[in-house]
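Okay, structure first, notes after.
Nothing in this text is a laboratory measurement; each read-out follows from the coordinates by a stated rule. A quick note: this is a predicted structure, and the numbers were derived from the prediction, not measured. Glycine gets a Cβ as well: all are built from the backbone with ideal geometry, and neighbour counts include every protein chain shown.
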Ligand SMILES: [Zn+2]
């Protein structure tokens with residue numbers, strides 16, 4: 001398997017990083033995890049033929065993870081995709097895709113279908129709203145999903161939390177395992193995703209020294225994994241390579257170096273500090 005970090009940033013615009021999106025090439029095909037800002041440009045830079053993209057896995061509905069989903073649907077089509085594009089994601093993904101194709105971009109899709117008939121007409125998008133469990137199984141690979149915790153402990157209203165499911169994914173192919181945690185804190189779902197993984201791609205948002213004050217502690221405890229957590233999770237799960245992603249704009253690398261040192265205090269495996277377009281063999 002091969003993992004390419006297409007985006008390693010977050011919601012805030014960062015000239016150095018697109019939003020968190022990861023490509024896994026497994027069983028001879030490209031699998032896209034999330035579709036954040038810049039995904040299509042990064043796929044071109046990574047040399048992936050756009051029309052070959054047929055499977056997208058959405059972790060959750062924050063805009064830094066789905067902001068360019070329309071671009072994936074439309075540009076794979078414009079690049080010659082004729083087969084359906086299949087998208088898996090938490091409950092509500094179908095509603096989002098339907099809104100994009102039948103409301104936001106319905107005129108564009110109709111225009112291109114009518115004005116550029118050589119494109120062969122709209123190539124459909126199929127959506128599967130999923131929760132934990134088996135997602136995809138082919139002769140060469142399997143993908144499973146787990147529910148992870150990203151904001152659940154904040155005391156948000158039950159009515160909202162019923163509409164807020166966050167997923168991580170585990171890809172197994174060629175005897176290897178890659179886990180994509182999605183945005184999460186330490187939780188049983190993350191533990192199952194990471195168990196014995198050859199590679200875990202996980203956010204590591206703050207250095208230990210940045211976890212000061214109520215807001216930062218609340219964030220590190222309930223919203224997104226930070227340098228106080230990630231190494232411990234990986235060590236407990238027996239992960240071989242830990243890839244740290246979802247970074248915020250920073251003026252220089254000082255705190256990234258600190259994050260790496262924080263994680264290395266408890267995790268003795270290989271640590272990779274994520275940067276855009278880094279490709280890793282698994
Ligand atoms: Zn998020």
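Structure notes:
- When 131, 135 are checked against the criterion of being away from the ligand (no atom under 14 Å from the Cβ), in contact with a strand residue (DSSP E or B) (Cβ under 8 Å, 6 or more places away or on another chain) and within 14 Å of residue 56 (Cα to Cα), a single residue qualifies: 135.
- Pick from the stretch 19-32, criterion within 15 Å of the ligand (Cβ to nearest atom) and in contact with a helix residue (DSSP H, G or I) (Cβ under 7 Å, 6 or more places away or on another chain), ranking: nearest to residue 119 (Cα to Cα): 21
- Hits in the stretch 216-229 - residues which are away from the ligand (no atom under 16 Å from the Cβ) and either at positive phi or in a helix (DSSP H, G or I) (or both): 216, 217
Table: residues versus (1) touching a residue at least 40 places away in the same chain (Cβ under 8 Å); (2) crowded, with 19+ Cβ neighbours inside 10 Å; (3) in contact with a strand residue (DSSP E or B) (Cβ under 7 Å, 6 or more places away or on another chain); (4) under 19 Å from residue 19 (Cα atoms).
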| site | (1), (2), (3), (4) |
| --- | --- |
| 251 | no, no, no, yes |
| 254 | no, no, no, no |
| 257 | no, no, no, no |
| 262 | yes, yes, no, no |
| 273 | no, no, yes, yes |
| 276 | yes, yes, yes, yes |
| 280 | yes, no, yes, yes |
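- Listed here are the helices (runs of 4 or more DSSP H) enclosed by the stretch 33-84 that have at least 2 residues being without any contact (Cβ under 8 Å) to a residue 60 or more places away in the chain and within 16 Å of the ligand (Cβ to nearest atom): 63-66.
- Single match in 195, 179 (criterion: more than 16 Å from the ligand (Cβ to nearest atom), surrounded by 21 or more Cβ atoms within 10 Å (Cβ to Cβ), within 21 Å of residue 25 (Cα to Cα) and touching a residue at least 12 places away in the same chain (Cβ under 8 Å)): 179
- Lone unmet requirement of (1) more than 16 Å from the ligand (Cβ to nearest atom); (2) farther than 16 Å from residue 7 by Cα; (3) under 17 Å from the mean Cα position of the chain (by Cα); (4) surrounded by 23 or more Cβ atoms within 10 Å (Cβ to Cβ) for residue 200: (2)
- Hits in the stretch 120-156 (condition: surrounded by fewer than 16 Cβ atoms within 10 Å (Cβ to Cβ) and either without any contact (Cβ under 8 Å) to a residue 12 or more places away in the chain or in contact with a helix residue (DSSP H, G or I) (Cβ under 6 Å, 6 or more places away or on another chain) (or both)): 121, 122, 134, 137, 153, 154, 155, 156
- Residue pairs whose Cβ atoms lie under 8 Å apart, separated by 6 or more positions or on different chains, with the first residue in the stretch 216-241 and over 13 Å from residue 151 (Cβ atoms) and the second within 16 Å of the ligand (Cβ to nearest atom) and in a helix (DSSP H, G or I), are 226/219; 226/220; 228/220; 229/220; 233/190.
- Any hit, the stretch 166-174, residues being crowded, with 21+ Cβ neighbours inside 10 Å, touching a residue at least 60 places away in the same chain (Cβ under 8 Å) and in contact with a helix residue (DSSP H, G or I) (Cβ under 7 Å, 6 or more places away or on another chain): yes
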